[in-house]
């Protein structure tokens, strides 16, 4: 045979054409999933951190309120102690020392100062930040108190109607070679007539307060100056306190009203990254800003948790990717292996090897393709052998006219085109009981007789009848009807056939036979009618889109279940006002075999009126 002398080789295998896009898509989806999940985890971690910091800030503020209440209780105790007012009036420092020192030791206050009306200390009792409990020193004659704004308000008798005359402040005391910031609560010393003779200040070192507040807040706590942002005290231990200074912009935002939002910053301390929320450090029921309060949590633990979550997600995504790609490769191999075998066999046939065969397995499209290929090769081989056995014609024999071929009529009747309806019927279950041939034939005759009678009663014609599949036509010659009437007759016929088959099944059950199921579909459209074949041997022919559509809808009816009646969208529209005579069920759109488009399909459940009595 003529043709190529070499087997063509595909340049890019079908297996890779199927598998590579699948792998790339799975890879992209997996990476996208990992990215989105890691982003979600990070966002959740950040949100959780902010919630913890916010809660810690609230706890820290509550702790400050408790400290303020404790200091205020000590201030009231000292101011109301007998002899204190008289000692201040007489400027008796020694008498004040004898009466107040035991109270200070019992209360455990860090600093207590009793001032005269000019702001000069009559008695100052303080314990050094690193001193043990009960180790106090006393001083007098200190004048720097008068420069403190909250002391000035005390001595001038400033009173808030809602809060009272108590004042608070944060100021530093010179202790040795360093300054120690102190949180003060103060109150005036008055006589019964309300005259102010001095003031009592009670304070705690911020450095001693920080561990207590940090424990209650569940986070590290720092306090910064409200004017220059420098660190005053912290539960952290920075190598360089100046590195923790808050920028002026952040100080301004922290001291602003809460609706502006608390600033957040990343704070490196001794090699550890912290996330810190800055808010106002306030006293006197939130009316007196004293500084900036910072609440911080380390990022190390949070990042570790996030990394673990991301690694788990990546591991899961990798396993999923391997499984998906592996499944895709197996599926592509199962699909492409038979196709590659057929391609190789086709190349062999092209080279003239007509003994080539492919192994066909299964009943799917690939199995059908393999069997069809083998059949094609067998036909080609048989044709080739037949051609080889035909002798060459004798060229010198006289030419004689060939006998006239018998005339074959295209149709014994003129082919007509008309618009009508078609009912396709399929019976199942006649041979499922294992009955003998006589019983099967009798059952089929009963069903065909009933169906034929119902179709005739509705002015229809049984155009085609096989063993279990029948096609009836309505509205076309020999009984022409308007399309709306033919659609109505065909639909009602299907419901009557259901009723008739139910009666037959009752009789079959009494005889010990299984029931017969029926599936029906109605389509309306143009029909081509005629009787085709040789003269004297004509057979009826029913062609057009409507028969193909009705028979194709039977496959959908089988999926819907026994005793299902389906009508196409054209039949539904053609019924017009007659739609009210039927009860419709499900509706959907589907591709019907043999049709190049999608159509709407209605299920007919019941009817309200019967056209003909059984």
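Nothing in this text is a laboratory measurement; each read-out follows from the coordinates by a stated rule. Nothing here was measured: the structure is a model prediction, and the numbers come from that model. Backbone-built Cβ (ideal geometry, glycine too); neighbour counts: all protein chains shown.
Using Cβ contacts closer than 10 Å as the measure, can you line up 124, 486 from fewest to most?
Working: 124 21, 486 30.
By the 10 Å Cβ count, ascending: 124, 486.
Could you give the length gained on full extension between residue 612 and residue 158, defined as 0.36 nm per residue of separation minus the Cα-Cα distance, in nm?
Separation in residues times 0.36 nm, less the Cα-Cα distance, equals 152.8 nm.
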Next item on the list: Would you please give the FRET efficiency between residue 216 and residue 605, computed as 1/(1 + (r/R0)^6) with r the Cβ-Cβ distance and R0 = 56 Å, to the nearest 0.05?
Entry: 0.20
Note to self: Between residue 58 and residue 526, what is the label-point separation in nm under the 7 Å Cα-to-beta-carbon projection?
What the structure shows: 7.8 nm
Notebook entry, point to check: What is the order of 223, 78, fewest Cβ neighbours within 10 Å to most?
Noted result: 78, 223
Item checked: Residue list for region 588-614, given a label point 7 angstrom along the Cα-to-Cβ vector of residue 580 and an amide N cut-off under 14 Å -> 608-609
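Of the beta bridges DSSP finds with both residues in region 416-607, what % are antiparallel, to the nearest 5?
Numbers: 40 of 45 bridges.
Within region 416-607, antiparallel bridges account for around 90 percent of the total.
Could you give the length gained on full extension between residue 20 and residue 379, defined as 0.36 nm per residue of separation minus the Cα-Cα distance, in nm?
125.4 nm is the gain from fully extending residue 20 to residue 379.
Region 416-607: D in µm²/s via Stokes-Einstein (Kirkwood Rh, Cα pairs, 37 °C, 0.692 mPa s)?
194 µm²/s
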Notebook entry, point to check: Under a point spin-label approximation (7 Å from Cα along Cα-to-Cβ), what is the residue 270-residue 340 distance to one decimal in nm?
Noted result: 6.5 nm
Check: Which of 444, 430 comes first, and how do the rest follow, when ranked by fewest Cβ neighbours within 10 Å?
Finding: 444, 430
Margin query: Students often check this: by mean Cβ neighbours within 10 Å, which of 273-285, 495-507, 575-587 ranks highest, and how do the rest follow?
Written below: 273-285, 495-507, 575-587
Next item on the list: Find how much the distance from residue 563 to residue 230 grows on full extension, using 0.36 nm per residue of separation minus their present alpha carbon separation; answer in nm with one decimal.
Entry: 111.1 nm
Notebook entry, point to check: Along the principal axes of its C-alpha atoms, what lengths does region 477-519 span, in descending order and rounded to whole Å?
Noted result: 44, 17, 13
